[in-house]
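Structure record follows, encoded as structure tokens.
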Amino acid sequence: MSLADAAASKTTSAIRLDGVEKRFGDHLVLKRISLEVQPGQVVALIGPSGAGKSTLLRCINLLERPTAGTITVDGVTVHADHEIKERDLAALRSRVGMVFQSFNLFPHMTALRNITLPQQRVLGRSKAEAEARARALLSRVGLADKADQYPARCSGGQQQRIAIARALALDPKVMLFDEPTSALDPEVGLEVLKVMRELADEGMTMAVVTHEMQFARDVSDHLVVMGDGDIIEEGDPHQIFADPQQARTRQFLRAVLDRE
Amino acid sequence: MSGEVWSGVANGILTTVQLTVFGFALGAVLGVPVMLLRVSTWRPARWTGRAFIELVRGVPLIVWLFLIYNGPTQFDPSLGTVFTSWRSGVAALGLVSAVYMAEIYRGSLRAINAGQWEASQALGMSRFDTASRIIAPQVTRVAVPASTTYALSLIKDSSLVSAIGVFETTYYATTISSTLSSATPFVVAGVYYIALTIPAAWAARRLDSNLRRKVMR
Ligand SMILES: Nc1ncnc2c1ncn2[C@@H]1O[C@H](COP(=O)(O)OP(=O)(O)O)[C@@H](O)[C@H]1O
Ligand SMILES: [Mg+2]
């Protein structure tokens, strides 16, 4: 790789966090975290509950405003200490899709409408265009027959796959997943993990907070272990699982792997 | 009980229905900005909303009726053509309903999961789109049972408007009763109010279960 290429790849990291800090009042929840995710990379975030994993993920699309630091997604940069312009916020959010633990589908709309409305309102697509895209994505997640159902009539696993389709419909550069299978029975979670694995194989850039250690080890390219608002350890997932360097990582992995 | 009493009191039924419908509609619409003030993150707006609600709720409906009907004309008698008894009645019912509906809307808003705002914002939807297309329809649905219960009670509360001379059910019952020196017209009025309330309650339950079946939250 030439120097110029290296410089270009540096400026085009899919996600780049520089010294991101988040306080809730006196409570310091993220301690100046820096993290880089390359295009096509899948990063898994693991760690005990309360470590700050969700908060970190939510800072990336500014559902939480960081109290210090810089966030860059696909070339759009937001500084915590400048006022965030409505235009930058929209630009950043349009590049980031997010999937929540609790699905958060809109209960008063059919699966199809859940997927078409944001396309029409955010990207200005026509209804026909949005529906074609929504139906294609629903078949891709195996739910072509659920287009006209309301979310309450769908199982948790189906709802989560609809939520993934809804996020993908906006053609995000990056997908964030916050414990997407934690609210699901293990067998049902597998349907969702399968869709996520396919997405990873197709080259989607992903940051995934998860308790699924198998997914973290086998699907992610990079593993980040968080504890107490900080990154304890990061690197190759297989290496960290086989030989964790930090005592807290060892402790955490022992606790979760024992439970499984 | 003569048929004349029945038909005499019946002359007011349509006006009772109109008072209720217009008063409630006015309240349902005005309740939205009152609720928005009340939940605003900007303190002066929130304080204004709260003060308005306390003020309107703190004064009995019958006092509002006299204030609206007689108040303006005291300053300028020509305002009497604007504040007719009918308009004053609708205005007072609308005013009292507005703060009541605002509180129903506020309670319903709190029932909506924060995840709905977050999901919409994460998708890049504007605050306005989120409020109008994601939150408002859900709030409306949650608000239906409490709103219909309130509307039913308004049918009966509208009887107070007889005090400023609107020709509704209770007004006719009162005048016929004093002419005949008999309480019978009030029995008739009571029957008419029940006859209005029962089908309205049935329609309200139908509406609610239809919405529920459709969304199944
Ligand atoms: N909105 C909030 N207000 C106050 N404290 C919060 C808020 N959100 C999260 N926290 C705190 O931040 C810490 C990290 O939370 P979170 O990011 O949810 O951790 P994790 O996802 O790793 O379990 C916790 O101590 C939590 O109580
Ligand atoms: Mg979490």
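Tell me, yes or no, whether region A:101-115 has at least one residue that is within 26 Å of A:Asp230 (Cβ to Cβ) and within 16 Å of ligand 2 (Cβ to nearest atom). Looking through region A:101-115, at least one residue is within 26 Å of A:Asp230 (Cβ to Cβ) and within 16 Å of ligand 2 (Cβ to nearest atom). Among residues of region A:47-76 that are closer than 15 Å to A:Arg23 by Cβ, those with a Cβ under 8 angstrom from a residue that is basic (Lys, Arg) and within 12 Å of ligand 2 (Cβ to nearest atom), sequence gap 6+ or separate chain, pair up as A:Glu64/A:Arg58. Across region A:55-71, the number of residues qualifying as over 18 Å from A:Leu28 (Cβ atoms) and within 11 Å of ligand 1 (Cβ to nearest atom) comes to 1.
Looking across region A:120-135, the residues that are within 10 Å of chain B (Cβ to nearest Cβ) and of a type in the set (A, V, I, L, M) come down to A:Val122, A:Leu123. All told, A:Ser155 falls short of being of a type in the set (Ser, Thr, Tyr), more than 16 Å from ligand 1 (Cβ to nearest atom), away from chain B (no Cβ under 14 Å) and surrounded by fewer than 15 Cβ atoms within 10 Å (Cβ to Cβ).
Taking the numbered list (1) within 30 Å of A:Ala152 (Cβ to Cβ); (2) modelled with pLDDT of 90 or more in turn, A:Ser94 passes all entries but (2).
Close contacts from region A:101-121, counting a first residue that is closer than 12 Å to A:Arg135 by Cα and a second that is outside any helix (DSSP H, G or I) and basic (Lys, Arg), with Cβ to Cβ under 9 Å and a gap of 6+ residues or different chains, come to A:Thr116/A:Arg125. Looking only at region A:32-54, residues that are near ligand 2 (Cβ under 10 Å from one of its atoms) and under 16 Å from A:Met206 (Cα atoms) come to 3 in all. Going by the conditions given, is B:Ser162 more than 27 Å from the chain's Cα centre (by Cα) and either more than 14 Å from chain A (Cβ to nearest Cβ) or modelled with pLDDT under 90 (or both)? Considered against the rule, which asks whether it is more than 27 Å from the chain's Cα centre (by Cα) and either more than 14 Å from chain A (Cβ to nearest Cβ) or modelled with pLDDT under 90 (or both), B:Ser162 comes out as no. Among the candidates A:Pro151, A:Pro66, A:Pro107, single out the residue that is touching a Cys at 6+ places or on another chain (Cβ under 7 Å) and of a type outside the set (S, T, N, Q). Exactly one residue qualifies, and that residue is A:Pro66.
Residue count for region A:52-68 under the criterion of being in contact with a helix residue (DSSP H, G or I) (Cβ under 7 Å, 6 or more places away or on another chain) and within 16 Å of B:Gly115 (Cα to Cα): the result is 4.
Cβ-Cβ contacts under 8 Å between residues 6 or more apart (or on different chains), taken from a first residue in region B:37-61 that is under 22 Å from B:Ser153 (Cβ atoms) and free of Cβ contacts under 8 Å to residues at least 12 places away in the same chain to a second residue that is of a type in the set (Val, Ile, Thr) and loosely packed, with under 13 Cβ neighbours inside 10 Å, are absent. Checking every residue in region A:230-252 against the condition of being within 16 Å of ligand 1 (Cβ to nearest atom), closer than 12 Å to A:Ile46 by Cβ and polar (S, T, N, Q) gives at least one match.
Could you please give the count of residues in region A:173-194 that are more than 16 Å from ligand 1 (Cβ to nearest atom) and in a loop (DSSP other than H, G, I, E, B)? Before you say what the answer is, go through the steps one by one.
Filtering region A:173-194 for residues more than 16 Å from ligand 1 (Cβ to nearest atom) gives A:173-175, A:184-194.
With in a loop (DSSP other than H, G, I, E, B) added as a condition, the list becomes A:173, A:184-185.
Counting residues in region A:173-194 that are more than 16 Å from ligand 1 (Cβ to nearest atom) and in a loop (DSSP other than H, G, I, E, B) gives 3.
Evaluate the following for A:Leu117: is it within 13 Å of another protein chain (Cβ to nearest Cβ), under 23 Å from B:Glu118 (Cα atoms) and in a helix (DSSP H, G or I)? So A:Leu117 passes the test. Filtered by the rule that a residue be crowded, with 17+ Cβ neighbours inside 10 Å, within 14 Å of A:Phe106 (Cβ to Cβ) and either within 17 Å of the chain's Cα centre (by Cα) or at the interface with chain A (Cβ under 10 Å from one of its Cβ atoms) (or both), region B:137-158 gives B:Gln138, B:Arg141. Under the condition of being touching a Phe, Trp or Tyr at 6+ places or on another chain (Cβ under 7 Å) and either more than 9 Å from chain A (Cβ to nearest Cβ) or not in a helix (DSSP H, G or I) (or both), the residues counted in region B:119-131 number 1.
Would it be correct to say that B:Ile134 is within 14 Å of chain A (Cβ to nearest Cβ), among the β-branched types (Val, Ile, Thr) and more than 29 Å from B:Val56 (Cβ to Cβ)?
Taking the combined requirement at face value, the residue satisfies it.
In region A:25-111, counting only strands (runs of 3 or more DSSP E) that sit wholly within it, the ones holding 3 or more residues that are buried (at least 17 other Cβ atoms within 10 Å of the Cβ) and within 11 Å of chain B (Cβ to nearest Cβ) span A:96-99.
For region B:115-136, filtering for residues that are within 20 Å of B:Val32 (Cα to Cα) and among the hydrophobic types (A, V, I, L, M, F, W, C) leaves 6. In the set (1) within 16 Å of ligand 2 (Cβ to nearest atom); (2) more than 17 Å from the chain's Cα centre (by Cα); (3) farther than 27 Å from A:Thr249 by Cα, A:Leu63 fails one condition alone, (2).
The values are calculated or read from the model by the stated rules, or taken from the named source; none is laboratory data. As the structure is a prediction and not an experimental result, all values here were calculated from the model. Note that each Cβ is placed from the backbone with ideal geometry, even for glycine, and that neighbours are counted across all protein chains shown.
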